[in-house]
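Note sheet for the following structure.
The values are calculated or read from the model by the stated rules, or taken from the named source; none is laboratory data. These numbers come from a predicted model, not from an experiment. All Cβ positions, even for glycine, are placed from backbone atoms using ideal geometry, and neighbour counts span all protein chains on display. Accessible surface areas use protein heavy atoms only, side chains included; no ligands, DNA or RNA. Shrake-Rupley method; radii C 1.70, N 1.55, O 1.52, S 1.80 Å.
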Amino acid sequence: MSFQEAVQEKKWRDAMDEEIKAIEKNDTWELTSLPKGHKAIGVKWVYKTKRNAKGEIKRHKVRLVAKGYSQKSAFLNGVLEEEVYIQQPSGYEVKGHEDKVLKLKKALYELKQASRAWNSRIDKYFKENGFNKCPYEHALYIKIKDGDILIVCLYVDNLIFTGSNPSMFNEFKEVMTKEFEMTDMGLMAYYLGIEVKQKEEGIFISQESYAREILKKFKMNDCKPISTPVECGVKLSKHDEGESVDPTFFKSLVGSLRYLTCTRPDILYAVGLVSRYMENPTTTHFKTAKRILRYIKGTIDFGLLYSFSNDYKLVGYSDSDCGGNIDDRKSTSGFVFFMGDTAFTWMSKKQPIVTLSSCEAEYVAATSCVCHVVWLRNLLKELSMAQEDPTQICNLLGCGNYACESFGNLRSC
C-alpha cells in the first residue's frame with residue numbers, strides 16, 4: 001500500500017498520527033538544515049494489519065522506516081553515536097521548513113545502526129538496574145530480590161517476562177514504560193505464530209492457526225488425513241526418480257513446516273528428512289512432504305501442555321538410526337528432554353560423520369545429547385533450578401545414569 005492510498009482512509013491516517021506521536025515522545029529527532037557533505041536518508045511508511053490467533057483484525061499498525069539501508073533491523077529505542085539525517089516523512093513535513101531534514105538522536109526502524117544502538121542501550125539499562133545477563137543464553141536477563149526471581153527474555157525489541165512475585169511484574173512494567181516507548185500487551189496469548197492458552201491445569205501452546213495457514217497456502221486444506229507423518233522405514237535419496245519440482249516452491253513448503261516444529265516435535269524427524277533435498281527436489285520428495293501435511297490435517301489441534309508441577313527433574317531420551325541416509329551413509333541423531341511430564345527441547349539432526357556400527361552411531365547421538373544436557377544444567381542453575389542429582393539419559397538400548405560433571409571436558413561439546 002502506498003502513502004497516497006493510505007491517506008485516503010481514516011484508519012491509516014490515525015495509525016500514522018499515532019506513530020508520529022510515539023516517535024516525537026521518544027525524542028527521536030530534531031529539525032535542522034543538512035550540513036555540507038552529508039546525505040539525508042529517505043523514509044517510507046509501512047502498513048500492516050495485525051491479527052489475533054483467530055485471524056480477526058486486532059489493529060492497524062504503521063511504521064516509519066528508513067530506506068536506502070544496507071541491512072535490515074527492527075529497533076527503535078537505541079541512542080545513536082553518529083550523525084544520521086533523514087528526510088521528513090510524507091504528509092508530516094513542517095510547514096515553512098520543507099527544505100530541512102531531521103537529525104536522528106535515536107535509531108529508527110530499518111536503520112542499519114539501530115540494532116547495535118538498541119542492544120547497547122537495553123543491555124546497559126538492565127545491568128544498571130540489578131539484572132544479570134545469563135552467560136548461557138544471552139537473550140535472558142535475571143533479577144533476584146529478597147528470594148524472588150524475575151526472568152526477562154529479549155527478542156528483537158519485544159520483552160517476555162515471568163517470575164515468582166507479581167509485585168516485581170508491576171514494578172518492572174512501570175519502570176520500563178517510563179524509560180522506553182513500550183506497550184504492555186498483557187498476559188501472553190499469541191506470539192510469533194504461537195498460541196498460548198493459560199488454563200487452570202497449566203499452559204497449553206500450539207500453532208493451530210499457523211498450521212491451517214500452511215494447509216491453505218499449499219492447497220491441502222481439503223486433503224485426507226493420515227495417522228503418521230512419514231512411512232515406517234522410508235528411505236529417500238537425491239537420485240530418486242520422478243519429475244523435478246520447483247526448488248523455490250519446495251523450500252517454501254519445508255521452511256513453513258520447520259517453523260511448525262517449534263511446538264510439534266512429532267513431525268521433526270519427517271521435516272528434517274525432506275529438508276535434505278531442497279536443492280533438487282523431485283516428485284518423490286514432494287510426495288513425502290505432502291504426507292506430513294496430511295498428518296497435520298488430522299492433528300491440527302495438537303500442542304504441548306505444561307502442567308503445574310514442583311517436579312523440576314531433568315530427564316533426557318536419546319536415539320539414532322544406523323546409516324539411514326543412503327546417499328552418504330550417515331546416521332541421524334535425535335533427543336528430547338522432559339521436565340516433569342512435558343517435553344521442552346528436542347532435536348533431530350544428521351550426524352556429521354560416518355559411523356561404522358549401530359553402537360558407534362548410538363554413542364555419537366548420546367554425546368550430542370550429553371553436550372546439550374551440560375548446557376541445560378548450567379542454564380537451569382542460573383534460573384535457580386539447579387539439578388542436584390545426575391541427569392538420567394535413556395535410549396532404546398537401555399537406560400543409564402550419566403553424571404554430567406564427568407562429561408564436562410568433552411571436546412565435542
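Quick notes on this structure:
- Residue in the range 17-36 that is open to solvent by 70 Å² or more (accessible area, probe 1.4 Å), farther than 16 Å from Val94 by Cα and assigned to a helix (DSSP H, G or I) present: yes
- Within the range 286-323, the residues that satisfy the criterion of being closer than 21 Å to Thr261 by Cα, open to solvent by less than 70 Å² (accessible area, probe 1.4 Å) and among the hydroxyl-bearing types (Ser, Thr, Tyr) are Thr288, Tyr295, Thr299, Tyr306, Ser307, Ser318, Ser320.
- All positions within the range 3-24 that are free of Cβ contacts under 8 Å to residues at least 24 places away in the same chain and within 20 Å of Leu108 (Cβ to Cβ): Asp17, Lys21, Glu24
- With a requirement of 2 or more residues that are closer than 28 Å to Val373 by Cα, the strands (runs of 3 or more DSSP E) lying completely within the range 97-199 that satisfy it span 140-145, 148-155, 158-163, 194-198.
- Tally of residues being touching a helix residue (DSSP H, G or I) at 6+ places or on another chain (Cβ under 9 Å), under 24 Å from Asp27 (Cβ atoms) and at pLDDT 70 or above across the range 46-84: 5
- The range 138-167 - residue that is of a type in the set (Val, Ile, Thr) and under 17 Å from the mean Cα position of the chain (by Cα) and, of those, farthest from Asp123 (Cα to Cα): Ile160
- Consider the range 242-289 and keep the residues that are within 27 Å of Phe338 (Cβ to Cβ) and aliphatic (A, V, I, L, M). The one that is nearest to the chain's Cα centre (by Cα) is Leu260.
- Qualifying residue in the range 174-190 (condition: closer than 30 Å to Val274 by Cα, at pLDDT below 95 and open to solvent by 50 Å² or more (accessible area, probe 1.4 Å)): yes
- Long-range neighbours under 6 Å by Cβ, at least six apart or interchain, first residue outside any strand (DSSP E or B) within the range 56-73, second modelled with pLDDT under 85 and open to solvent by 90 Å² or more (accessible area, probe 1.4 Å): Tyr69/Lys112; Ser70/Lys112; Gln71/Lys112
- Screening the candidates Arg294, Arg329 for the property of being of a type in the set (Lys, Arg) and under 15 Å from Lys235 (Cα atoms) yields one hit, Arg329.
- Residues in the range 324-338 that are open to solvent by 30 Å² or more (accessible area, probe 1.4 Å) and in contact with a strand residue (DSSP E or B) (Cβ under 6 Å, 6 or more places away or on another chain): Lys330, Val336, Phe338.
- Selected residue (criterion: most open to solvent (accessible area, probe 1.4 Å)) from residues of the range 42-58 that are over 13 Å from Ser209 (Cβ atoms) and not charged (D, E, K, R): Ile57
- Search result, residues across the range 200-219 that are without any contact (Cβ under 8 Å) to a residue 60 or more places away in the chain and either part of a loop (DSSP other than H, G, I, E, B) or touching a strand residue (DSSP E or B) at 6+ places or on another chain (Cβ under 6 Å) (or both): Glu200, Lys219
- Answer residue from the range 339-386, given it is surrounded by 15 or more Cβ atoms within 10 Å (Cβ to Cβ) and in contact with a Lys or Arg (Cβ under 6 Å, 6 or more places away or on another chain) and is farthest from Arg264 (Cα to Cα) among those: Gln351
- Some residue of the range 246-254 being aromatic (Phe, Trp, Tyr), under 30 Å from Val354 (Cβ atoms) and at pLDDT 95 or above: yes
- Selection count where residues are open to solvent by 30 Å² or more (accessible area, probe 1.4 Å), on the phi < 0 side of the Ramachandran plot and of a type outside the set (Ser, Thr, Tyr), scope the range 122-138: 9
- The range 244-257, residues that are open to solvent by 20 Å² or more (accessible area, probe 1.4 Å) and under 14 Å from Lys217 (Cβ atoms): Thr248, Phe249, Lys251, Ser252, Gly255
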